[in-house]
Structures are given as structure tokens and as C-alpha cells.
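Participant: Take a look at the following structure, please.
Laboratory data are not the source of any read-out in this text; all were calculated from the coordinates shown. Not measured: the values here are computed from a predicted model. Quick reminder, even Gly has a Cβ in these numbers, built from the backbone with ideal geometry, and neighbours come from all protein chains shown.
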Amino acid sequence: MRDIGKVNHTLEILDHFELRAKKSFGQNFLVDINIIRNIVECAHIKENTCVVEIGPGIGGLTEYIARAAKKVIAYDIDERLMDVLSYSLSEYPNVEVRLQDFLTVDLHSLAEEVKDYEHLIIISNLPYYITSEILTKIMISPIKIDCFVGMMQKEVALKLTSKEKSPLRLLMDCVGEVNYEFTVTANVFIPKPNVDSAVISVTFKEMNKENLADFYHFLQACFKQRRKTIYNNLSQVAQDKDKLKDILKTCNIDPKLRAEQLSLDQFKELYDLI
């Protein structure tokens, strides 16, 4: 099977297996080869690279990843797709499909498993209903990841690449360079979703990611109630409110400011002192 992502090939596979997209899994099958190529190009896959794909569907994107990468590990939660992918990707022995929710994957174990590969890249057509959860898991992971490329709802992609601050947006800025790559119209999916999508990328930088999970929880506390000041939000979790005032003063942060008015560097300094 070649070019699974072409409309006629996708329909042929769906008909052969009497398969229909499940709304509960947020399934929409991408049927545009040019967009598939562009997604793979955004990942800049090098030799000796292992790519982890989240949600391979029937293999349209997986096929092109497999042509570029040395190894592909694809995670999906739809057991109906196991036989489909065995059929559609039979020409690609470097692809391993795992029936597992990516949110339950132990990334430490995965990193140990793929340690012999020089590069680790994650690519996904993210189901809209769990975009934030998957992104958070990837961003706070202490394992070394070179790049993440993900397709998601356009509105979410615009927020995550804008200047609008949020815990997740700040976390992504903390770990690497975030880019809005391109828009994907609803017309290139079967079935057609109600909204357009977009592809973003995160190129990770070399850094100590050991305390990222704690830092993210700190950011969530800072933004817990957006209309409240940074002092009011943090005072709900601080054990010593007077000490909190002193720390804010040390950081030259006006306690009357809201979280959205602080820079990433200010959040980092505040976190280190708290």
C-alpha cells in the first residue's frame, strides 16, 4: 500500500475493514499528501531517529514518517485499528504499533528503550479533547526530546503561539522555541470536522528539566484566578504570607500585578525563591 493518505486509498481501507471514525476518540483521517509531507518536513527527521507518533489513525502520516525515520513507535487507543495498521503499514518493518493510551505511557521507560537512537521526535494529530493533557505530559517530561510537531484545533494553536500568557504557554516557552507552522483546513479530513486545524512545532533546548512538573504546578497556582493579583493567588498556597510579600519585594514584583503581567524570567525567579 502506497500513499495511504490519498482519498481513494483511505476510503478503500475504511471500506475494506468496514471502519468508521469514532467521535469519542476524536478521529478524523487526514487525506492530503502535501500536508502529510509538510508535517514530516517540520520535524526535520535526521538519520538514526526514533519517532513516537500519537494517534496514527489508519497510517497515512505514519507511512511518511516511516520513510524518513529509522524507527517509529505509534500509540493508539482504538483496538479496531490494530488489524488495519498491520495491513496498511505491512511494507514498513520499522513501524511498531502499540495499543495504549499515550497519557499512560511511562516516558522514562520509553527513553531507556530508545536510548540507542541519536534523536527522539514526537509527532501527533492531537485529538481536540485531550490536546492540553498530552502537550503538558510531553513538555514536563524530563527525558531528552529533540522536537515535537503536533496538529490541533486552529484556535488552540493560535493561543499557544500568541503572546497571550497561560501556564501551558509559559511552560512551552520555557522548554524550547514554539512556532505556528501552517493552517490545515477542515476539507482535508474524513469525516470533515467543524473547525480548521493547524500544525505547531516545539524545538526543545538543552536544559535541566528535572523540576519542570513542579514549576508547571506553580504556574497553575499563579493563574488559578486570572482576575486576582499574583499575591492573592499565591497566598492561597503559601504557608507564610509575610514571607511571600518579602519574596515579591525581592523580585521587584508589585503584589498588585496579575499573573499575565509577569514575564517568564520573573516567574522563574519567583519560583526559585518560593
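Participant: Among the numbered criteria (1) under 18 Å from the mean Cα position of the chain (by Cα); (2) loosely packed, with under 14 Cβ neighbours inside 10 Å, which single criterion is violated by Met207?
Facilitator: (1)
Participant: Moving on. Just need a number here: residues in region 176-208 that are farther than 30 Å from Val7 by Cβ and part of a strand (DSSP E or B).
Facilitator: Total satisfying the criteria: 6.
Participant: Still on this model: In this structure, does Val195 turn out to be more than 22 Å from Val52 (Cα to Cα) and either in contact with a helix residue (DSSP H, G or I) (Cβ under 9 Å, 6 or more places away or on another chain) or of a type in the set (Val, Ile, Thr) (or both)?
Facilitator: Spelling it out, Val195 is indeed more than 22 Å from Val52 (Cα to Cα) and either in contact with a helix residue (DSSP H, G or I) (Cβ under 9 Å, 6 or more places away or on another chain) or of a type in the set (Val, Ile, Thr) (or both).
Participant: Condition (residue is under 26 Å from Ile58 (Cβ atoms) and under 13 Å from the mean Cα position of the chain (by Cα)) applied to region 156-175: is it met by at least one residue?
Facilitator: Scanning region 156-175, I find at least one residue that is under 26 Å from Ile58 (Cβ atoms) and under 13 Å from the mean Cα position of the chain (by Cα), so the answer is yes.
Participant: Tell me, yes or no, whether region 253-270 has at least one residue that is more than 30 Å from the chain's Cα centre (by Cα) and of a type in the set (Asp, Glu).
Facilitator: Yes, there is a match, as at least one residue in region 253-270 is more than 30 Å from the chain's Cα centre (by Cα) and of a type in the set (Asp, Glu).
Participant: For residues that are small (Gly, Ala, Ser) and not in a helix (DSSP H, G or I), scanning just region 19-47, find the one that is nearest to Ser197 (Cα to Cα).
Facilitator: The qualifying residue nearest to Ser197 (Cα to Cα) is Gly26.
Participant: A further question on this structure: Please enumerate the residues belonging to region 123-177 that are β-branched (Val, Ile, Thr) and surrounded by fewer than 17 Cβ atoms within 10 Å (Cβ to Cβ).
Facilitator: Ile143
Participant: Let me ask something additional. If I filter region 209-256 down to residues being in a helix (DSSP H, G or I) and of a type in the set (Lys, Arg), which single residue comes out as nearest to Glu269 (Cα to Cα)? Lay out the reasoning, then the answer.
Facilitator: Taking region 209-256 first, the residues in a helix (DSSP H, G or I) are 212-222, 230-235, 241-250.
The next check asks that each one be of a type in the set (Lys, Arg); those that pass are 241, 243, 245, 249.
Numbers: Lys241: 18, Lys243: 15, Lys245: 14, Lys249: 12 Å.
The residue in question is Lys249.
Participant: Checking the condition in contact (Cβ under 8 Å) with a residue 12 or more places away in the chain and under 22 Å from the mean Cα position of the chain (by Cα), which residue from Ile13, Ile4, Ile77 passes?
Facilitator: Criteria check complete, one pass: Ile77.
Participant: Let me ask something else about it. Here is a check on your reading of the model: is Ser141 touching a residue at least 40 places away in the same chain (Cβ under 8 Å) and among the hydroxyl-bearing types (Ser, Thr, Tyr)?
Facilitator: For Ser141, the condition - touching a residue at least 40 places away in the same chain (Cβ under 8 Å) and among the hydroxyl-bearing types (Ser, Thr, Tyr) - is met.
Participant: Can you name every residue in region 99-122 that is surrounded by 14 or more Cβ atoms within 10 Å (Cβ to Cβ) and not hydrophobic (A, V, I, L, M, F, W, C)?
Facilitator: Of everything in region 99-122, those that are surrounded by 14 or more Cβ atoms within 10 Å (Cβ to Cβ) and not hydrophobic (A, V, I, L, M, F, W, C) turn out to be Tyr117, His119.
Participant: A further question on this structure: Going residue by residue through region 53-66, is there one that turns out to be without any contact (Cβ under 8 Å) to a residue 24 or more places away in the chain and out of contact with any helix residue (DSSP H, G or I) (no Cβ under 6 Å at 6 or more places or on another chain)?
Facilitator: Checked against the condition, which is being without any contact (Cβ under 8 Å) to a residue 24 or more places away in the chain and out of contact with any helix residue (DSSP H, G or I) (no Cβ under 6 Å at 6 or more places or on another chain), region 53-66 yields no hits at all.
Participant: Give the residue that is surrounded by the fewest Cβ atoms within 10 Å (Cβ to Cβ), with candidates limited to residues of region 257-274 that are touching a helix residue (DSSP H, G or I) at 6+ places or on another chain (Cβ under 7 Å) and farther than 23 Å from Asn211 by Cα.
Facilitator: Here the residue is Leu257.
Participant: Can I ask one more? Using beta carbons and a limit of 9 Å, which pairs, at least six apart or on different chains, have the first residue in region 176-202 and over 16 Å from Val31 (Cβ atoms) and the second one acidic (Asp, Glu) and part of a loop (DSSP other than H, G, I, E, B)?
Facilitator: Sorted first by the residue in region 176-202, then by its partner, the pairs are Thr183/Asp196.
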